[in-house]
1. Given the residues B:G164, B:G122, B:G173, which is the only one that is away from chain A (no Cβ under 14 Å) and at positive phi?
2. Any residue at all in the range B:22-37 that's of a type in the set (F, W, Y), within 12 Å of another protein chain (Cβ to nearest Cβ) and farther than 23 Å from B:N386 by Cβ?
3. Has the range B:236-252 got at least one residue that is in contact (Cβ under 8 Å) with a residue 60 or more places away in the chain, surrounded by 24 or more Cβ atoms within 10 Å (Cβ to Cβ), hydroxyl-bearing (S, T, Y) and within 30 Å of B:L36 (Cα to Cα)?
4. Suppose we filter the range B:295-319 for residues that are more than 10 Å from chain A (Cβ to nearest Cβ) and buried (at least 24 other Cβ atoms within 10 Å of the Cβ); how many remain?
5. Out of the range B:306-334, which residues are part of a loop (DSSP other than H, G, I, E, B) and of a type in the set (S, T, Y)?
6. Taking the range B:188-213 as the region of interest, how many residues are surrounded by fewer than 19 Cβ atoms within 10 Å (Cβ to Cβ) and in a helix (DSSP H, G or I)?
7. If you go through the range B:169-181 one residue at a time, how many are outside any loop (DSSP other than H, G, I, E, B) and touching a residue at least 60 places away in the same chain (Cβ under 8 Å)?
8. Scan the range B:262-294 for residues that are within 11 Å of another protein chain (Cβ to nearest Cβ) and surrounded by 24 or more Cβ atoms within 10 Å (Cβ to Cβ) and report the count.
Amino acid sequence: MSRIEAKFASLKAEGKAAFVSFIMAGDPDYETSLEIVKGLPAAGVDVIELGMPFTDPMADGPAIQLAGQRALGAGTTLRRVLDMVGAFRAGDQTTPIILMGYYNPIYSMGVDAFLAAAKEAGVDGLIVVDLPPEEDEELCLPANRAGLHFIRLATPTTDDRRLPAVARNTSGFVYYVSITGITGAASANAACVAPEVERVRAATGLPVCVGFGIKTPEAAAAIARVADGVVVGSAIVERIGQGARPGEVLDFVRSLADGAHGA
Amino acid sequence: MNDTPPNSFRTGPDERGRFGIFGGRFVSETLMPLILALEAEYEKAKTDPAFWAEMDDLWTHYVGRPSPLYFAERLTEHLGGAKIYLKRDELNHTGAHKINNVLGQILLARRMGKTRIIAETGAGQHGVATATVCARFGLECIVFMGATDVERQKPNVFRMKLLGAKVVPVTAGRATLKDAMNEALRDWVTNVENTFYCIGTVAGPHPYPAMVRDFQSIIGKETRAQMMEREGRLPDTLVACIGGGSNAMGLFHPFLDDPDVRIIGVEAGGHGVDERMEHAASLTGGRPGVLHGNRTYLLQDADGQILEGHSISAGLDYPGIGPEHSWLHDMGRVEYVSVTDDEALEAFQLSCRTEGIIPALEPSHALAHVAKLAPTLPPDNLLVMNMCGRGDKDIFTVAEAIGAKL
């Protein structure tokens, strides 16, 4: 059983939803970012999503765009992101780490070289926004062969006809994008999301985590009641952008995790 | 890769939207169903005589097609070599080739019941064309434009506003064309129900590169017929400038399977194609990558981060190029060269003085290469250059560059 599968199994046994947090690797710099990542499990984070910065994040709102610019400005490269995972993994063998970003930096490094380095560093899964099922041969299938989960996004536009394609070749969990839009935009509505989560869960047989537009402990709690996991990114990244110290960022993360877990 | 040339260079893309390894559909899941719906609608329209009848009618009576194929006698004399013809797409309504494609996409949007049109623009020519056709059909139009470009292309911004479009300055990233395209994609992902994304060049996810090419191919089809009528044979040489590459693809595509026709695309060399990367020549100075929905040659750093292009021409100032050009480059069917800002500026003035045509800075790049090439060719070499846009929009840029006071 992979780290991701083990994590969802143990949470299910406890009757809890997973709390998934996103931060951008290297934001605002390598050391600060690593300090925050190392503190996430103790703050209640079950699954860590670590952003790979890219110059042209077409699916992201201003908060994550700016986080990527700060990270790139501080000299973050894909190799450094993998270094960070390795440094985290040296002290934590159980918390799953998923890398999230866009395809070009991976393609530029070379898919095989990237997958080998990611596996070696202790990465558990990948979310690559601009690789839909139609492009599975690029990275999804090689990642599966390398023993990495390729986690798919399902969206409100993913109708029942497309769901089987989305379910194919994916594992770990499904990331349900609760709105049509970019990260950090409109608020997600738990009542609208509930039937969608059911629909995706039924079609894939996988845990369904919900993200995009969840900003507060209350919102996290509401989503946790209807989904297998809650993802928060922009709200955390915004605080890093405002210059919050790692301790303050982790306090906020803890309040979100408590919201998600208390449900 | 070049060992086995295909039987035809005109059959692409394949069913996955690929030209060799280039092209594809690298978009987020939210957009994927929309792109599939667009592909289905385009496939239907492509073989529907009613669709093309409506296009032809608008091309003839609204745009003013066919555009003339004009023998540039004084330019030919001045350069002393090939017989130079100009395909006069700058005479189209709105002053550039962009409207050929916009009409097609807006007719498709109408067939799909979409009421809100979004577009990206760099120099503003595609934005003006989109705003124009939206006004013609009473559709809401939103144009995304980098804040830097809004500042340096004020006349076109005002034109779009006069035509009833909303111009949204994009401050994200580095505030130019690439960022405008990111922002248009972000809008599309947010407003999926009623919105049609009208892309201005032969790039983006499948089916855009093929669809825009098909709409722009009217340029090459007319050129073929006009040259047969004028000279009784096909041209020997074709030259066109390339940013994303839509005017070039429109001229080239109908000739790709005529092996005796030499085809040359001219990229923007900015301050020179070297390690400073102050240029917009994706093919001569970039390498394959994935951006804006397709795999193609891109200007990027060693880590796969996209670099900002530079060109004096805002319309060529894009770090990518249409995927079919990337394929034609690798297959060796089309030659791709670059010329610098300074060479383009000289050609701009040459056209004004010898032919009484003020060209846009984009085709000035093509002309700069013609000025180098024509003298090396015999007088019976029939050369066609696509004069894809007029230069009224560029007079301020040119004045500044040559140190003239207005």
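The values are calculated or read from the model by the stated rules, or taken from the named source; none is laboratory data. Computed from a prediction, not measured in an experiment: that's the story for all the values here. Every residue, glycine among them, receives a Cβ derived from its backbone with ideal geometry; neighbour counts consider all protein chains shown.
1. B:G164
2. There is at least one residue in the range B:22-37 that is of a type in the set (F, W, Y), within 12 Å of another protein chain (Cβ to nearest Cβ) and farther than 23 Å from B:N386 by Cβ.
3. Checked the range B:236-252: at least one residue is in contact (Cβ under 8 Å) with a residue 60 or more places away in the chain, surrounded by 24 or more Cβ atoms within 10 Å (Cβ to Cβ), hydroxyl-bearing (S, T, Y) and within 30 Å of B:L36 (Cα to Cα).
4. Going through the range B:295-319 one residue at a time, the tally reaches 12.
5. Those that are part of a loop (DSSP other than H, G, I, E, B) and of a type in the set (S, T, Y): B:S311, B:S313, B:Y318.
6. The qualifying residues number 1.
7. Looking only at that region, the number is 4.
8. Number of matching residues: 5.
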